[in-house]
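Student: Take this structure first; my questions come after.
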Amino acid sequence: MTLARANLGALVALAGIAAASWAALAASGGGEMPMGAAPFLGGWTLMMAAMMVPSSAPLVLVHPKAGRTLLVTGYLAAWALIGLPVLALARVVDLMDVPGAAVAGVLATAGVYQLTPLK
């Protein structure tokens, strides 16, 4: 199998994961995320699969073929773990009541971070 063919298969698989995740999100009705830990983390991970798996394609393509499934699984597991502090925050603060200026500040800070060597 040529390198291009192996990469094509990986890209098709990643696109399939993302498409299936988007379809599952659309089928869920787009309501509020459930606040139980397991349903919240399930929905969170589904959202991360829909949005973040496509951005992992360059990393997946440079990784040896034999470990790609484990790589993507670990990538999604890391995003699932990031959902834990989000769940904790959502239980303490009604995220819909956060002032727009605070949201803008968080987004600006994240944007600046993207331009630093720390990233």
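Rule-based calculations on the coordinates, nothing more; no lab input. This one's a predicted model, so the numbers in the text were calculated from it and none came from an experiment. Cβ coordinates were reconstructed from backbone atoms using ideal geometry, including for glycine residues, and neighbour counts include every protein chain displayed.
Student: Any idea what log10 I(q)/I(0) is at q = 0.11, 0.14, 0.20, 0.23 Å⁻¹ for the chain, Debye with uniform C-alpha scatterers and no solvent?
Tutor: For the requested q values the scattering log ratios are -0.49, -0.77, -1.22, -1.31.
Student: Please identify, among G100, G43, G29, the residue showing maximal mean-square fluctuation in a Gaussian network model of the chain using a 10 angstrom Cα cutoff.
Tutor: Of G100, G43, G29, the Gaussian network model singles out G100 as fluctuating most.
Student: Taking the Cα atoms of the stretch 52-119, report the difference between the largest and smallest coordinate on each principal axis, in whole Å and largest first.
Tutor: 46, 28, 19
Student: Among P99, P64, P54, whose mean-square fluctuation peaks in a Gaussian network model of the chain (Cα, cutoff 10 Å)?
Tutor: Of P99, P64, P54, the Gaussian network model singles out P99 as fluctuating most.
Student: Mean-square fluctuation check for the chain, GNM, Cα pairs under 10 Å: which of A24, A49, A38 is largest?
Tutor: Between A24, A49, A38, it is A38 that shows the largest mean-square fluctuation.
Student: Okay, next question. With +1 assigned to the C-beta of every Lys and Arg and -1 to the C-beta of every Asp and Glu, and no other charges, what is the dipole magnitude of the chain about the Cα centre in debye, to the nearest 20? Display every interim value, and only then the final one.
Tutor: Details: 5 positive and 3 negative charges, 115 e Å.
Dipole about the Cα centre, nearest 20: 560 debye.
Student: Which Cα, out of L70, A101, T116, lies furthest along the positive dipole direction of the chain (beta carbon charges, K/R +1, D/E -1)?
Tutor: Among L70, A101, T116, the one farthest towards the positive end of the dipole of the chain is L70.
Student: Assuming R0 = 25 Å, what is the FRET efficiency of L107 and A13, from their Cβ-Cβ distance, to the nearest 0.05? Could you put the intermediate results ahead of the total?
Tutor: Numbers: r = 31 Å, r/R0 = 1.25.
It comes out at approximately 0.20.
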